[in-house]
Structures are given as C-alpha cells and as structure tokens.
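J.: One structure coming up, written as structure tokens, with questions to follow.
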C-alpha cells in the first residue's frame with residue numbers, strides 16, 4: 001500500500017485479497033466521508049477571485065473568523081459607550097449581552113462543518129491504521145504478540161509523521177488566511193461605527209428584535225446541549241464496543257471451546273489412549289468466560305477473525321492448561337503354577353514312566369503406574385501476562401460493558417465448562433417416574449469421584465458401568481455388576497422421544513472395544529450423569545457425545 005495522508009491508495013490485488021478486503025473497504029469509505037465533510041467547509045475568498053480550500057489537517061479558519069468578530073464587538077461596545085446617555089442607548093446596552101450570546105450560538109453553527117470534518121478525519125485515521133496493520137499481520141502471520149505490538153507502534157509513528165508533513169505544507173495557506181482575516185477586522189470596525197448610529201435612531205425596533213433573538217437563543221441552546229449529549233453518549237458507546245464482527249467472535253469462541261473439549265476427551269479416555277497398568281488422574285477442564293476471551297483478543301488486535309488469532313489462542317490455551325504425565329515402573333512378582341515330570345520305575349513290569357507334578361514360582365514383571373495431573377489457571381488471571389498497560393485499560397472497559405454485546409454468547413454457558421456442578425440439574429425432573437428420586441440421590445453422593453478403570457464401589461471409585469450398576473443396585477434393582485454391554489442387554493430399547501429421567505444412554509467407539517463402550521444415566525434436559533473424570537453431569541449436545549451416541553434404553557420395572 002502506498003499511502004498519502006489522509007487517503008491510502010490500494011492496488012487491485014490488495015482490494016481483492018480476502019484478508020484485506022474488509023479493512024480496505026472501510027478505509028476507502030472513511031476517506032470518502034472525510035472528503036464530503038471537508039467539501040462542506042466554507043471556502044475563504046482570496047484576492048483576484050482565487051478560491052483555496054481550507055487545509056485538511058489544520059482547520060484554523062474558524063479561529064480567524066472568531067478573532068475578527070471579537071474585534072468588531074469590542075469596537076461596537078466602545079462606540080456605544082461614547083454616545084449620548086439617553087434611554088435608547090441604555091436599552092441597547094442592556095441587550096448587548098443577549099446579542100453577544102446569540103452571536104456565539106451563530107458562531108457555534110458556523111463551526112459545525114469544521115467539527116464534522118475533524119470527526120471524519122479521526123475515523124479515516126482509524127480505518128487507515130487498521131488497514132495498514134492488517135497488511136503487516138498478513139506478511140508476518142506467525143509473529144509473536146510482542147512483535148505485533150511493536151509493529152503497530154511503528155505504523156502509528158510513520159502515519160503520524162506523514163500527517164505532520166502534510167500539515168506543514170498547509171502553513172502558507174494558513175498565513176494567507178490570517179492576512180485576509182486582518183483586513184476583515186478593519187472593514188468590520190468601519191461597519192460597526194455606522195451600526196451604532198443606526199441603533200440610536202431605531203432603538204424600539206431593536207428591542208423587539210432582541211427579545212425575539214433571546215427566545216431563539218434559548219431554543220438553540222437547548223438543541224445544542226442535546227446534540228452534545230448525544231454525541232457524548234454515542235462516542236462512549238463506540239469506544240466500548242467490540243470492533244470485530246459478531247460472527248467472527250463466535251467462530252473464535254467455538255474454536256477455543258473445541259480445544260477444551262479435546263482436552264477433556266483426552267482426560268476421560270486416558271486409559272484407552274495409553275497402555276499403562278494403573279492410572280491416577282486428577283483435574284478437569286476449568287472452562288472460561290467467553291467475554292473474557294473476547295475482551296483480551298479485542299484489546300490486543302482490535303478487529304480480528306479466527307485466522308488472525310489462531311496462534312494467540314494456542315498461547316492462551318497453553319497458559320491456561322498444563323497437563324503433566326509421570327510414569328513409574330515397578331518390578332512386581334506374581335505366583336505362577338507350572339507342571340514338571342519325573343521318572344518312576346515299575347519293578348513289576350520293569351518299565352519307566354513319566355509322572356507329572358505341579359510347582360509354583362514367583363515370576364517378576366514390570367508394572368507401570370501413570371500419574372496425570374491437569375493444572376488450570378482462570379483465564380481472568382492471564383490478562384496481566386498477555387496485556388501491556390494500555391491494553392489492560394481497553395480490556396477492563398470491554399469486560400465491564402461486555403463490548404456492548406450482552407447477548408452475543410447467550411446460547412453459550414457463561415462459564416463454558418465441560419464439567420457441571422450438582423446444583424444445576426434435576427431441578428425440574430419429575431420424581432413420580434419409578435424411583436428416579438432415589439436414583440438421583442444415590443448417584444449424586446459420588447459427584448467428584450475420580451474415574452477408575454474396573455472400579456465398582458466407593459472404596460475403589462468407579463468406571464462408567466460400575467457406577468451405573470452400583471446406583472441401580474442401591475435404588476431398588478438387583479442387576480449385579482454389569483459391563484456397559486451387559487446393561488444394554490438388560491434394557492428395552494426406546495426412542496429419543498420416549499426417553500425419561502432415569503433411563504440409560506449408550507455410546508459406541510469412545511475407546512477401542514467391541515460393542516457398547518460407555519453408559520450414562522439420563523437426567524433430563526439433554527443431560528446425563530456419568531462416570532467421566534470425575535463423576536459429573538455432561539451435556540449430550542456436545543459434538544463428542546453426539547458423534548458416539550448409539551441408543552437409549554430402559555430397565556424393566558422392579
């Protein structure tokens with residue numbers, strides 16, 4: 001991109017680049033608005049009928065007009081004070097302050113085009129800087145967060161230097177405008193003298209005009225105050241709003257949740273994914289507040305898409321979750337029974353026989369113990385690590401206002417956790433269906449217990465089928481210790497429309513085994529209670545469970 005202040009020039013290739021297209025469009029649109037706003041600024045007449053536009057970057061024409069008007073009013077006051085001390089002059093003097101106020105209201109309206117141009121210039125600068133930063137990010141997509149911050153700083157400095165150079169070139173035009181303003185002061189003084197004479201002769205008419213002007217001034221003052229109030233409100237809203245498109249922020253949130261889901265799946269299925277003899281697994285995926293993630297990324301990048309922040313998501317994820325694995329190998333012994341043979345001579349026949357006998361030995365073998373620990377850090381605590389002082393202020397504002405998108409993640413839980421506390425569910429579950437209330441009470445006794453392969457009692461903890469078997473054996477059934485496939489064989493298949501709290505949910509393919517590999521207790525509202533790691537509630541709408549869902553079943557009534 002070759003840049004000139006305040007408009008950037010874009011090549012055809014840059015305008016069609018999917019990564020830059022949106023930023024280029026916004027920069028061009030902001031520059032067009034700036035051109036329109038500057039076109040509305042009144043043009044100063046210069047000698048020889050030459051018209052010069054006001055400088056783009058230094059809008060000082062209103063200040064010269066104000067200087068001219070102040071000198072004219074000073075002259076007007078002086079001449080009035082030197083006039084005869086009659087009632088007409090006193091009446092005019094008493095109305096001067098009202099006229100002055102009306103004059104300032106008029107000047108406020110004259111300055112409006114300049115304010116509009118100034119605001120348009122700010123928006124154009126913002127769009128231009130965003131386009132330049134997008135181009136740099138595309139040329140170095142794998143740069144670190146610190147490098148990106150340095151790049152943004154360098155771009156701002158270069159852009160400011162370019163604007164300064166453009167402003168400097170307008171200094172001659174500014175000086176010329178000042179010369180014109182000085183001549184206007186002299187001309188206005190002469191007119192003011194004649195105006196004073198006119199006031200003395202027509203003071204009654206002027207009193208009526210001043211009264212009407214005062215009323216108009218009050219109305220204009222109210223309108224001006226409301227305008228400034230709304231400008232302040234909308235300016236505040238703009239400064240606290242997430243700059244990214246909602247669709248892009250939702251895509252990023254979904255990507256981060258998928259990373260958490262994969263980590264939870266690894267924890268839940270560690271035994272089947274590895275080949276050790278014994279496991280000790282602690283920790284569960286903590287989850288995150290989606291507004292914290294969006295606020296951090298907005299403070300760092302401003303406007304972003306998933307491709308812009310993929311590397312940063314990996315950094316945040318690795319800071320939030322640390323998974324450690326420790327393998328210990330022990331030499332253990334097992335008793336083995338073996339068969340030996342000895343010769344026996346039969347004196348009657350003179351033959352020799354081999355007679356078998358058994359004996360035992362202690363055979364050594366390697367026994368591996370895998371200890372896995374997941375350490376989680378709340379995402380809120382990462383802001384101090386990831387953000388500099390300026391970014392922290394932005395982050396705090398975005399988080400406080402939720403980026404003015406309070407319903408952006410309304411379909412997501414506020415804490416996007418994969419483990420659920422026991423007070424969130426069963427609140428509306430009917431208790432009259434069979435012995436579900438008893439099933440619920442028994443099952444919730446073990447919330448938080450770790451997953452243990454083959455476990456089937458509180459002393460050993462549970463695996464999925466051991467947990468379900470225990471709960472139902474202590475809730476009025478007598479089904480013994482069943483595997484997941486065994487529980488499926490006991491049940492009557494039912495459809496999703498028929499399922500009720502207390503029925504079973506069966507899965508296939510959650511690890512390498514034949515038939516049913518996992519089972520949970522349906523809890524209502526598309527939730528199940530199962531022996532994950534730890535025993536907890538799970539959302540059946542999660543992509544992982546939907547992928548492996550096999551059937552629903554119901555035990556016979558007791």
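J.: Tell me, in nm to one decimal, what length is gained between residue 239 and residue 12 on full extension, where the rule is 0.36 nm per residue of separation less the Cα-Cα distance?
T.: Here the segment from residue 239 to residue 12 would lengthen by 78.5 nm.
J.: If I model a spin label at residue 352 and residue 207 as a point 7 Å from the Cα along the Cα→Cβ vector, what separation in nanometres do I get?
T.: In this crude label model, residue 352 to residue 207 measures out at 15.5 nm.
J.: Normalised radius of gyration for the range 436-554, please: alpha carbon Rg relative to 2.2 N^0.38 Å, two decimal places.
T.: Here the Cα radius of gyration is 0.95 times the empirical estimate.
J.: Going by C-beta contacts inside 10 Å, put 384, 348 in order with the fewest on the left.
T.: Ascending Cβ contact count within 10 Å gives the list 348, 384.
J.: Considering every pair of different Cα atoms, what Kirkwood radius, in Å, is found for the range 316-393?
T.: 19.4 Å
J.: If you rank 245, 14 by fewest surrounding Cβ atoms within 10 Å, what's the result?
T.: 245, 14
J.: Run the numbers for residue 557 and residue 369: contour at 0.36 nm per residue of separation, minus the present Cα-Cα distance, in nm.
T.: 63.5 nm
J.: If you average the C-alpha positions of the range 368-401 and of the range 305-345 separately, how far apart do those two centres end up, in angstrom?
T.: 29 Å
J.: At a Förster distance of 56 Å, what's the computed FRET efficiency of residue 526 paired with residue 119, Cβ-Cβ distance as r, to 0.05?
T.: After rounding, the FRET efficiency stands at 0.65.
J.: By how many nm would the segment from residue 32 to residue 540 lengthen if fully extended, with 0.36 nm per residue of separation less the alpha-carbon distance?
T.: Contour length minus Cα-Cα distance gives 177.7 nm.
J.: With r defined as the distance between the Cβ atoms of residue 361 and residue 341 and R0 fixed at 22 Å, what FRET efficiency is calculated, to the nearest 0.05?
T.: Efficiency at R0 = 22 Å is approximately 0.85.
J.: Efficiency by 1/(1 + (r/R0)^6): what FRET value for residue 282 and residue 25, r their Cβ-Cβ distance, R0 = 45 Å, to the nearest 0.05?
T.: Result of the calculation: an efficiency of 0.30.
J.: Output the relative contact order of the range 458-558, whole-number percent, from Cα pairs under 8 angstrom with separation of 6+ residues.
T.: 31 percent.
J.: What is the fewest-to-most order of 377, 349 by other Cβ atoms lying within 10 Å of their Cβ?
T.: By the 10 Å Cβ count, ascending: 349, 377.
Coordinate-derived values only; no laboratory data. Since the model is a prediction, treat every value here as computed from it, not as a measurement. Quick reminder, even Gly has a Cβ in these numbers, built from the backbone with ideal geometry, and neighbours come from all protein chains shown.
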